[in-house]
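Heads up, the thing below is written out as structure tokens.
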Amino acid sequence: EPEEWTPYKMALISKLMADDLANRGYDLEMSNALAVFGREVFDFLFPEYFPDQTPIIPKGTSWDFMPKQLRAESKTTINNSAEALSYEALPEPYPGIGSNNWAISGAKSASGNPILCSDPHLKLGLPSIWYEIQVKTPSMNLYGITIPGQPGIVMGFNEHVAWGFTNVGHDVADWYAIKWKDETKQEYELNGEWVKPDIVVEEIKIKGQAAVKDSVAYTHWGPIVYTDEDHPKKDLAFRWLGHEPSDILEGFYHFFKAKNYEEFKKGLPAFDCPAQNIALISRDKGDIALFVQGKFPLKQKEQGRFVQDGSSTANEWHGYIPQEHNPQVVNPERNFVASANQHSTDPSYPYYYNGRFGHYRARIINSRLEAMDGISIEDMMKLQTDNYSLKAEEALPLLLEKVDKSLLTKAEVVLYKAISNWDYNYEKDEVAPAIFDAWWRSVYEFTWDEFYLLKDSLAIKTPELWRTIHLLRDDPSNVFFDIRRTTAVETANEVVHDAFKDACTKLFNWQKENDDAAIRWGAYKATKIEHLARIPQFSALNIDVGGDRKSINAISKQHGPSWRMIVEMGKDSIVAYGVYPGGQSGNPGSPHYDDFLEYWKEGKYYSLLFMQSPEEESDRIISRQVWN
């Protein structure tokens, strides 16, 4: 029988979300890339800031505070030697995890009211990740989505404010190499002394079998993940913010009861991990705001970017960035705020942070919102389901000009002509997105073959997509275009041409494997939403839908918008729409197991019935208003 549901289990859900969203980093892979290629090449391949970035906090924002100083110059060890670290990287969350949110002020909307839009991107599943809910108590009235088992809502609105999240991406998980005294691993070096780790015995219960007990060694930094001499991940200690006590639910409680911007802010200090970009609108004064909110380590430059020496406490974090110094923007002159997992700030922000950041979706969103005025809810729906790809716009012309068409077969010429006329929208019935997807993958792998040749023996980071595009544009003779497995010396022209033919072969093989089906993006991508227990009959397989990870409508093979929400807060009324790819029931035999999936797939929304009492307009529940 199910165990009793307790506050401890609610805390574990919060930690599970932190693990999914804030337990990531390339310390090991970056250390190896630096060791293999040296500092000069490394800095060229892996700059920390993309120059065309449109950060969450607008460029040029002034920081009206005195930065907190580091304790002293850290002794962080950077691995500049030719010897790479032979550890294997830990499994990382899927890179498709991300989100969009934005808010416009009344000055930009057709109604004169602020509008909030939010769509969190997660791995999709059935039963659905989210459960739609309204919570009415004597002190609050909430509407939105929650994770089953959690109190209140995660994102949504009350009678006064509405909010939505995207993941911040700052690195709050660092790795330290431990030096043991001897092979017994009973003591490790710390500040010139030998100290004993604390041993914690974890009990793992298994149905029908005896419990398994596992002894975990905790160092000054955190747990040793593996100690077995034969294991490639041995002897790395893990320093993670998620291991610290947290009270995010207290933060949510303030959000639930907030009546304006100032009251909402009271919940921010408790909202520590996973850090989130929180977009807010308030009906009180029509405020819009965006908070880069979390508990962020205070680090010196490049600290945490590489595996550090665990034998000295000089390498530990220098404390935390003060809460009041976290980046935020309120009622900006451009009359909108937006985030899509890009950098929080431009390089003028006085604190160092590293992490994982995108930029394509953010740049599209910002350019679209900058150009729009008189915005309606329908305009926001169209923007949330926009399939345009800025990555394709910037990369494809560079690829097309490098193909020698005289060396293509008739079948390859057909595909070349098809992609030559593409408008960069990842529509489900188009052939061009499938061609570009296969072509770009081959271009990337051929260009960075030096890295792929190492991947079987060494955990190593490969360069960003934008660096690849810039090389194609600015330096087509760069040494990295030379393919190691050939005797010739290739330039970008040969790489792109050969990659096109390789992509065509893969597409033709896909056709044969699928009974000569037409090459269409929806079929080629084959988006699927799997059942929790991976039972095919309870899953939604081969969903025919457009979108791409780098589009605003970021639907990939298994990830995408797990909830789309739009809220307009007027002085006298709240108008809200939403949709998610599932249903309110977790029972596969119920008609409500996946009854919103078709709406979601087709870009439709239904109205959110925010009632003041259980009796109010109850007949509306039977037939919601649907926007197509």
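Numbers below:
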| item | result |
| --- | --- |
| Candidate aspartates and glutamates for bridging to LYS512, where Cα separation is under 18 Å - those fewer than 8 sequence places away on the same chain excluded | GLU412, ASP502 |
| Residue-normalised accessible area of the chain, given per residue in Å² at a 1.4 Å probe | 45 |
| Under the Karplus curve 6.51 cos²θ - 1.76 cosθ + 1.60, θ = phi - 60°, whole-Hz ³J(HN,Hα) for segment 192-199, x wherever Gly or Pro sits | x, 10, 9, 10, 8, x, 7, 9 |
| Loop trypsin sites (Lys or Arg not before Pro), segment 205-255 (other Cβ atoms within 10 Å of the site Cβ: 15 or fewer; DSSP) | LYS205, LYS207 |
| Sparse-neighbour loop sites [GluC sites (Glu not before Pro); segment 139-231; at most 16 other C-beta within 10 Å; DSSP] | GLU159, GLU183, GLU187, GLU229 |
| Amide H within-cut-off set for GLY156, under 5 Å, with H built and near neighbours excluded | TRP163 |
| Equivalent ellipsoid semi-axes, segment 431-498, via Cα gyration tensor eigenvalues times 5, rooted, Å | 19, 16, 13 |
| Estimated FRET transfer efficiency when R0 is 25 angstrom, pair LYS455-LYS301 (beta carbons, to 0.05) | 0.35 |
| Of LYS234/LYS528; LYS207/LYS601; LYS59/LYS285; LYS108/LYS259; LYS59/LYS391, pairs whose Cα-Cα distance is over 28 Å | LYS234/LYS528; LYS207/LYS601 |
| Isotropic mean projected area of the C-alpha convex hull, segment 470-628 (nm²) | 16.0 |
| Helix-only mean residue ellipticity at 222 nm for the chain, each DSSP H run of n ≥ 4 adding -39500 (n - 2.57), per residue, nearest 500 | -7500 deg cm²/dmol |
| Charge dipole magnitude, Cβ of K and R +1, D and E -1 - the chain, Cα centre, debye nearest 20 | 620 |
| Pairwise label distance in nanometres, GLN209 with SER367, each label 7 Å out on the Cα-Cβ vector | 5.4 |
| Under 17 Å from the Cα of LYS402 - lysines, other chains or at least 8 residues apart | LYS417, LYS501 |
| Distance (nanometres) between label positions extended 7 Å along Cα→Cβ at LYS9 and LYS557 | 3.4 |
| ³J(HN,Hα) computed for each position of segment 307-317 - Karplus, 6.51 cos²θ - 1.76 cosθ + 1.60, integer Hz, glycine/proline x | 4, 10, 6, x, 8, 9, 6, 5, 8, 7, 4 |
| Computed lengthening from SER607 to GLN584, 0.36 nm per intervening residue step minus Cα-Cα distance | 6.8 nm |
| Other-chain or far-sequence residues with amide H under 5 Å of GLY355's (modelled H) | ASP171 |
| Of PHE357, HIS559, SER573, farthest towards positive along the dipole that unit charges on Lys, Arg, Asp, Glu beta carbons give the chain | SER573 |
| Nearby aspartates and glutamates by direct alpha-carbon distance to LYS205 (threshold 20 angstrom, same-chain neighbours under 8 apart not counted) | GLU1, GLU3, GLU4, ASP214 |
| Charge context of ARG283, other residues only, Cβ under 12 angstrom, K/R +1, D/E -1 | -2 |
| With every protein chain in place, the chain: carbon and sulfur % of accessible area (1.4 Å) | 51 |
| Segment TRP194-ALA518, length gained on full extension (0.36 nm per residue, minus Cα span) | 110.0 nm |
| Full-stretch length increase - SER477, ASP64 - with 0.36 nm per residue and alpha-carbon distance subtracted | 144.1 nm |
| Rounded Å value of the spacing that divides the Cα centres of segment 426-472 and segment 34-50 | 18 |
| Cα pair distances exceeding 17 angstrom across segment 296-391, given as percent | 65 |
| Segment 191-344: projected area of the alpha-carbon convex hull, averaged over directions, in nm² | 14.2 |
| Qualifying GluC sites (Glu not before Pro) in segment 347-430, DSSP loop, other Cβ atoms within 10 Å at most 13 | GLU401 |
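The values are calculated or read from the model by the stated rules, or taken from the named source; none is laboratory data. Source: prediction; values computed, not measured. Neighbour counts run over all protein chains shown; Cβ positions are idealised from the backbone, glycine included. When the accessible area is computed, the model is the full protein with side chains, heavy atoms only, and any ligands, DNA or RNA have been set aside. Shrake-Rupley method; radii C 1.70, N 1.55, O 1.52, S 1.80 Å.
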